[in-house]
Amino acid sequence: MKRLGVLTSGGDAPGMNAAIRAVVRKSIYHGIEPYGIYQGYSGLINGNIKKLEIGSVGDIIQRGGTVLRSARCEEFKTREGQLKGVEQLKKHQIDGLVVIGGDGSYQGARALTGHGFPCVGVPATIDNDISGTQFTIGFDTALNTVLDAIDKIRDTASSHERTFIIEVMGRGAGDIALWSGLAGGAETIIVPEEKLDMNDISDRLKKGQLRGKKHTIIIVAEGVMSGTEFADKLKEAVDIETRVSVLGHIQRGGTPTGFDRVLASRLGARAVEILMEGKGGRAVGIMKDQIVDNDISQILDQPHSFQNEMFDLSKELSI
Ligand code: ADP
């Protein structure tokens, strides 16, 4: 392997920059020339490709977003688009590609590998919805951003003795809601992986009111319904006044936490090693603090496992 490419694709996540830095520095350390592909698969098709140096990734480990920028690219979902990408990689004499992104980006990496071009996926999305890894890059930072918001909202909720509904991101996954709800002491957490039981929620609210609870925090994952939809449902069930907060895109930005930077550094470096071993079609991850890699097709076919026991615990602790 003489030249390696790296791109970020799909939704950005804090820690992507730390992963890019790891890929670039690890490559140079081993005498491989790294090339940055700008704007994801769209830049790949258009040949937006530049050689990166040690200094190109200086001063970025602490920055959110992605210096390689990201894009959605419909054309890359077609065979013609993918073949244009392979052509560009060959033109630049690049022998392997590290794809940093979520499951859509992994589909692109799988397709490229299918066309004979070795790719390794690095999981980066705040949603924590990729299998083969306990954590994706960006999840921990998003979790802490949400927690900060919950703590602030709690101040108002308790001063005004109100019920707050906080809508959080996660696409089809409930991890952000579950972890932030447990860490933020939310009374109720609503996630796509667990059945929505309005009777149970109403009972818990009523019990809380009876014992003089001053405030209630309810976390709703966007994959279930919006915060306002849930507020309407709750009003029908128990007729209580609520306030809704939609956290939105603040969850995607910000300085990556120490955990995300370390994770990104380890995963990015391992992706380079796998390409150096002559392997493609793999996806790296972390399991029980060990860096692992799996077949990317298998990863795409399996759903990310939801920690039901943590959900049960959150209920036990918010009686
Ligand atoms: P994420 O990687 O965060 O899940 P997306 O789902 O938007 O984000 O995917 C990012 C990009 O990956 C898409 O814009 C597209 O270029 C590429 N992609 C998604 N699905 C496929 C697919 N089935 N085949 C090839 N490329 C795909």
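The values are calculated or read from the model by the stated rules, or taken from the named source; none is laboratory data. From a predicted model like this one, the values you see are computed outputs, not experimental measurements. A quick note on method: Cβ atoms are made from the backbone with ideal geometry, for glycine too, and the neighbour counts reach across all protein chains shown. With ligands, DNA and RNA removed, areas are computed over all heavy atoms of the protein, side chains included. Shrake-Rupley method; radii C 1.70, N 1.55, O 1.52, S 1.80 Å.
Restricting attention to the range 86-101, which residues are over 21 Å from Thr255 (Cα atoms) and touching a Gly at 6+ places or on another chain (Cβ under 8 Å)? Reasoning before the result, please.
Residues of the range 86-101 over 21 Å from Thr255 (Cα atoms): 86-99.
Of everything in the range 86-101, those that are over 21 Å from Thr255 (Cα atoms) and touching a Gly at 6+ places or on another chain (Cβ under 8 Å) turn out to be Val86, Gln88, Leu89, Lys91, His92, Ile94, Gly96, Leu97, Val98, Val99.
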Cβ-Cβ below 6 Å, separation at least six or inter-chain, first residue in the range 240-261 and under 27 Å from Arg204 (Cα atoms), second among the polar types (S, T, N, Q) and surrounded by fewer than 19 Cβ atoms within 10 Å (Cβ to Cβ): which pairs?
-> Val244/Thr228
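Yes/no per residue for (1) crowded, with 18+ Cβ neighbours inside 10 Å; (2) of a type in the set (A, V, I, L, M, F, W, C):
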{"site": "Ala271", "(1), (2)": "yes, yes"}
{"site": "Ile274", "(1), (2)": "yes, yes"}
{"site": "Gly280", "(1), (2)": "yes, no"}
{"site": "Met287", "(1), (2)": "no, yes"}
{"site": "Val292", "(1), (2)": "no, yes"}
{"site": "Gln298", "(1), (2)": "no, no"}
{"site": "Pro303", "(1), (2)": "no, no"}
{"site": "Met310", "(1), (2)": "no, yes"}
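Give the residue that is farthest from the ligand (Cβ to nearest atom), with candidates limited to residues of the range 133-161 that are of a type in the set (S, T, N, Q) and not in a helix (DSSP H, G or I).
Gln134
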Kindly establish whether Ile130 is within 10 Å of the chain's Cα centre (by Cα), surrounded by 24 or more Cβ atoms within 10 Å (Cβ to Cβ), modelled with pLDDT of 95 or more and part of a loop (DSSP other than H, G, I, E, B).
-> yes
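Across the range 1-16, what is the number of residues that are open to solvent by less than 10 Å² (accessible area, probe 1.4 Å) and away from the ligand (no atom under 16 Å from the Cβ)? Please lay out each step first, then the result.
Filtering the range 1-16 for residues open to solvent by less than 10 Å² (accessible area, probe 1.4 Å) gives 4-9, 13-16.
Pick out the ones that are also away from the ligand (no atom under 16 Å from the Cβ) and you get 4.
Residues that pass the stated criteria total 1.
Considering each residue of the range 15-36, count those that are within 22 Å of Gly278 (Cα to Cα) and in a helix (DSSP H, G or I), and give that number. Walk me through it before giving the result.
Quick first cut of the range 15-36, residues within 22 Å of Gly278 (Cα to Cα) only: 19-36.
Then drop every residue that is not in a helix (DSSP H, G or I), which leaves 19-29.
Of the residues in the range 15-36, 11 are within 22 Å of Gly278 (Cα to Cα) and in a helix (DSSP H, G or I).
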Looking only at the range 162-201, and only at residues there that are in a helix (DSSP H, G or I) and at pLDDT below 95, the one that is surrounded by the fewest Cβ atoms within 10 Å (Cβ to Cβ) = Asn199
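Report whether or not Asp151 is out of contact with any Gly (no Cβ under 6 Å at 6 or more places or on another chain), open to solvent by 40 Å² or more (accessible area, probe 1.4 Å) and of a type outside the set (Gly, Ala, Ser). Walk me through how you get there before you give the answer.
Values: out of contact with any Gly (no Cβ under 6 Å at 6 or more places or on another chain): yes; open to solvent by 40 Å² or more (accessible area, probe 1.4 Å): yes; of a type outside the set (Gly, Ala, Ser): yes.
When the stated conditions are applied, Asp151 passes them.
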Residues of the range 148-197 that turn out to be in contact with a helix residue (DSSP H, G or I) (Cβ under 7 Å, 6 or more places away or on another chain), within 14 Å of Arg243 (Cβ to Cβ) and acidic (Asp, Glu), as a count | 1
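Considering each of Thr216, Thr255 in turn, give the residue that is of a type in the set (S, T, N, Q) and crowded, with 20+ Cβ neighbours inside 10 Å.
Numbers: Thr255 fails: crowded, with 20+ Cβ neighbours inside 10 Å.
Checking each option against the conditions leaves just Thr216.
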